[in-house]
Each structure stands twice: as structure tokens, then as C-alpha cells.
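Since the structure comes first, as C-alpha cells, the remarks are kept for the end.
The values are calculated or read from the model by the stated rules, or taken from the named source; none is laboratory data. Predicted model, so just to flag it, every value in this text is computed and none were measured. Virtual Cβ from ideal backbone geometry, glycine too; neighbours counted across all protein chains shown.
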Amino acid sequence: MTNSPLTAPLETATDLVASKLLTPELAHAVLSSLTRPWPLFLLATLLIVSFLGLRKVGAFRRLGQTKAERRHQYNQKRSRADLELIRSMVPLENPGRVFAYLRKVDPYRFEEMILSELERRQIKVTRSRRYSGDGGIDGQFFHEGELWLIQAKRYSNLIKPDHVWTFEAICQRSRARGLFVHTGKTPKRLRSMDRQCGLVRIISGQELLKLFAGHAVSLEPSQPQPAEETTRARDARARDWAAFGPDRERPTSPGKFH
């Protein structure tokens, strides 16, 4: 004789109680939920709503992130706050204060600061997905159809020329130009025109201050001033550069990012 749908659970629960695998109270709760489906329905509804809510706020995405990915996300967020703080220091008027701050900040966060500053200038930057094992490339972007690789280094003194040579070799293999941004001091031989007119463009010192101050910075090296150029002409050109910040409308100029 077959059991009816209601007697089967009853006999199973009785057997479990008899074998001491289920307490009488728990057995009663189980049987009540089977005969009255509303508690189960409400519980299922609550679970579904909770799942959808957590999914909407990205909780599962955060749980699925690795430690490195969370660190990346944290540094990106902090880098934007760092940029606002440096801008409030008025970099061109307080260079010592700015460089003292930059040389204390986390090196990885400095990388993110440079990338975030380029993004603020409406440049579409592709960030490296990790800080180590990336071949020394922190990010990349296209400018006027040309691929540029980015490397940002935080130094407290003279930079290491080997870092620049290695970066240039990577640019050669990638058929790209390079933007090497640093907080240290550039040796004289790296400031020479043959280095700055090659694949790697070095930005540091006064130009780095201009970058953080929101001024336009040329991707081409600064050319020596002609002897016949007057002080008035130099001042006028400086005013033209200062007039075009990243948040204002301005004419585009080849070889510059604003």
C-alpha cells in the first residue's frame, strides 16, 4: 500500500524522532511548514529580495575580488583625493610642499595619481591590472593615433638611468612612445635633447608641477628658446598656456594634452 503525500512525511518524521535524529519540537516545526506553506513562501521571498539587493549594490562583485584588485580600487579612489589636495596647495607657488607630499605617498598611489590626472584631462587611459609583473607599464593611451605607454616612478633623489633604458626598450618592442613621470631629479645626460626627442618623454620638476596645477603640458620636449625671442613674447606664450586648463574649452594643439 502506497503512502499518501501527507502520511509519508509524517511517518518519516516519526522514524527520525524514534531514532533520536530529530527532536519532537523540530519534527513538529517541519510538519507544520509542510501543512502550512506560507512560512516557506515568505522565507523564499525574503531570500530572493535579499539576493537581488546585495547584487544591486555589488556585494557579490566585491566578494569575488582578489586582494590585489581591492588594493587597485582603493588606490584609484585615493588618487583622486590626492589630486584635489595637491591642487589646493597651488603647486607652482609651493613646489617644496608638493614634492615633500609626493615623496611620502605610497608609490602605487603615485602611479594612480598620474593616470587619474590624465583621465581628468579627458584622455582615455587603460590601466594595468596589477602592480607587479606588468613589465613596468602602469598604463597606456592613444594620442593623435599614436600609442603611448606610461611609467610613473616615485624617487627622493636622482633617478636611475637603467629604469629609463629598460622602459625605452619596452616602448621599442611595443612600437610605442613612452611617458616617464617621476618625482626625483633627472641626470643631465637624460635631460639632453637626444633622450627627450626619442621614444621616451620625461616629465618631472617644473613640468610635473604644471601637470598637477592643471596647465597644458606638451608631449614634445621643450625646445631651447631662440636668442632673438623677447621676454614679452615668452610671457605672452606662458599666459596662453595658463589660459587653457583641463576644465575649460580651448583649441586643440598637436603634441599636447590639456
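The table below lists the values:
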quantity: Residue check for Glu112: loosely packed, with under 15 Cβ neighbours inside 10 Å and acidic (Asp, Glu); calculated: no
quantity: Any chance Val90 is outside any helix (DSSP H, G or I), touching a helix residue (DSSP H, G or I) at 6+ places or on another chain (Cβ under 9 Å) and either buried (at least 19 other Cβ atoms within 10 Å of the Cβ) or at positive phi (or both); calculated: yes
quantity: Among the candidates Leu63, Leu83, residue that is under 21 Å from the mean Cα position of the chain (by Cα), at pLDDT 80 or above and over 18 Å from Tyr131 (Cβ atoms); calculated: Leu83
